[in-house]
Amino acid sequence: MTSFRYYRWLVLGALAAAWLSCASPTPEPVGFDPYDRPIHTAVLKPSTVGWRDTYYDTFSPTGRHYRLACGAWGGYRSRTLLRYDVADIPKEIRVSKITAISLQISYVRLSGSVNDQIYAYTPVKLTLHPLSRGFDEDRATWWLARASRAWTEEGGDFGPAVGSLELGSPSYQREFYYVDITPTALDWMANPARNYGILLKADDEEIAPGIKEFYATNAGRGGFAPLLDISYIDDDGEKQTRYVAPQKDCFITDYDEKFAGGAVHGYDEYLDFGCFNGYGRRTIVYFDLNPAVSGVPADASVVRARLRMYYLPAGRDERVYVAVYRLLSSFAEGATEDTLEQQKYHDNLAYVALEFKKTPPGYVDFYINPLVQEWVAGKHANYGLMIKAPDESEAQVFPRFAAQHNADEGRRPYLEVDYTLPAEPWYAAGTP
């Protein structure tokens with residue numbers, strides 16, 4: 001399992017090769033001096049180090065998306081959340097002067113952007129419901145209203161419908177739809193503490209055959225975002241209109257076929273991670289670093305720890321964003337999704353953060369030098385690591401890697417660790 005390389009040019013060559021790969025290695029760890037110590041290499045393969053790997057599905061926030069989604073299609077259910085700050089309504093627009101307040105929906109089909117998929121073409125009736133719990137657009141998911149506060153009911157807490165509209169097949173000519181919500185909006189103005197926002201959903205999600213999309217405020221298209229349209233009479237008796245943009249907006253998604261909780265992916269041939277449209281996947285991996293198993297001594301200084309994962313792109317132009325985190329609890333490869341969804345990880349520190357695009361099938365290297373060094377030295381308990389999109393509110397792809405159970409042995413993951421030992425100067429073996 002262990003090989004020896006004593007010459008300086010071999011050491012420097014290994015470091016240079018690592019630098020030119022997908023991610024550069026960590027600068028010299030404590031105790032490592034490339035000029036006076038031999039390099040040892042340990043290759044940790046799944047068959048030798050108690051390897052475990054699996055993935056699980058999770059919900060993810062969409063607060064930074066450029067679009068909003070609403071409806072149901074193929075097991076997916078999406079609902080849009082909006083909140084308008086009544087403080088944005090100018091004081092000169094007195095309640096007594098307001099004649100109507102409507103939600104204005106800008107509906108359009110743009111190639112490669114919104115409403116450009118087959119699921120958008122069938123008519124869908126949408127209903128509007130006042131929310132009864134506040135939400136954080138950067139944290140809200142089908143389960144959570146905020147980072148640490150769940151909805152009372154999955155999918156949002158809301159009251160009876162206060163309006164509806166039916167959207168048909170979108171055209172390239174923008175259309176405006178209006179839903180009168182005057183009583184609800186006036187109540188927000190009179191009682192700001194009751195203003196949690198509004199939720200849009202398909203009237204009947206069990207039969208809704210389509211999903212409708214709208215631009216969010218993050219799209220940078222102010223006139224396209226859902227606006228509050230306020231009609232009022234000014235002090236001169238003239239009819240006026242004022243528009244108010246959402247203070248925050250996002251959508252939440254459920255995927256019925258994948259979030260049942262009982263699925264087990266620990267023996268699949270592939271590992272997925274990433275996010276798309278409000279749901280995501282995370283890959284978790286464990287390998288035993290006990291010296292008796294791995295061959296890496298406890299006093300070793302890690303020069304390079306290279307986790308090699310075989311990448312299988314879904315599309316030619318796929319752009320991948322990936323981060324690696326340290327797990328805070330152990331996991332079983334045969335655990336069900338509802339168990340793995342509770343998996344804790346150290347989310348304040350990404351040991352790897354990189355991106356790659358148009359990468360052909362083959363091994364991708366993740367340099368986890370500091371993480372492996374911490375495990376080897378006993379600084380942290382080794383429960384394994386998590387591979388996920390660094391920002392699940394922005395990721396829009398599901399990259400795929402081969403798992404340890406892949407039928408092709410040439411695609412299975414493994415870890416390669418280069419290390420030095422403190423008691424071995426480079427001339428110990430008699431090299432000049």
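A short reminder: the numbers here are calculations on the coordinates, not readings from a lab. All of these numbers come straight from a predicted model, not from anything done at the bench. Here Cβ is always computed from backbone atoms with ideal geometry, including for glycine, and neighbour counts include all displayed protein chains.
Packing order of peptides 171-180, 37-46, highest average first: 37-46, 171-180 (average count of other Cβ atoms within 10 Å over each peptide's residues). Calculated from the structure at hand, Rg and Dmax of the Cα atoms in Å is found among (1) 21.9, 72; (2) 27.1, 99; (3) 24.8, 81 as (2).
In plain terms, the chain from Met189 to Leu421 could stretch by 76.5 nm, reckoned as 0.36 nm per residue minus the Cα-Cα distance. Evaluate E = 1/(1 + (r/R0)^6) for Thr241 and Ser169, where r is the Cβ-Cβ distance and R0 equals 25 Å; express this FRET efficiency to the nearest 0.05. Rounded to the nearest 0.05, the efficiency is 0.30. Using a simple spin-label model with pseudo-atoms 7 Å out from Cα toward Cβ, Gln117 and Thr336 lie 2.8 nm apart.
When both the stretch 157-182 and the stretch 90-106 are represented by their alpha-carbon centers, they are found 18 Å apart. Across the alpha-carbon atoms of the stretch 116-263, the computed radius of gyration and Dmax are 17.0, 65 angstrom. Helical content of the chain, expressed as a calculated mean residue ellipticity at 222 nm, amounts to -2000 deg cm²/dmol (DSSP H runs of 4 or more residues, -39,500 (n - 2.57) each, divided by residue number, nearest 500).
Suppose R0 equals 35 Å. What FRET efficiency, 1/(1 + (r/R0)^6) with r the Cβ-Cβ distance, do Glu153 and Lys125 give to the nearest 0.05? That pair, Glu153 with Lys125, gives E of 0.95. Using the Cβ-Cβ distance between Ala381 and Tyr66 with R0 set to 56 Å, the FRET efficiency works out to roughly 0.85.
From least to most packed, judged by other beta carbons within 10 angstrom and beginning with the fewest, Leu328, Leu68 follow the order Leu328, Leu68. Here the stretch 239-308 is described by how far its Cα atoms reach on the three principal axes: 82, 33, 17 Å, from widest to narrowest. Tell me, how many Å apart are the Cα centres for the stretch 386-412 and for the stretch 194-247? For the stretch 386-412 versus the stretch 194-247, the Cα centre distance is 38 Å. Shown for the stretch 76-255: lysine pairs separated by 8 or more places, or found on different chains, whose C-alpha atoms are under 24 Å apart, numbering 9.
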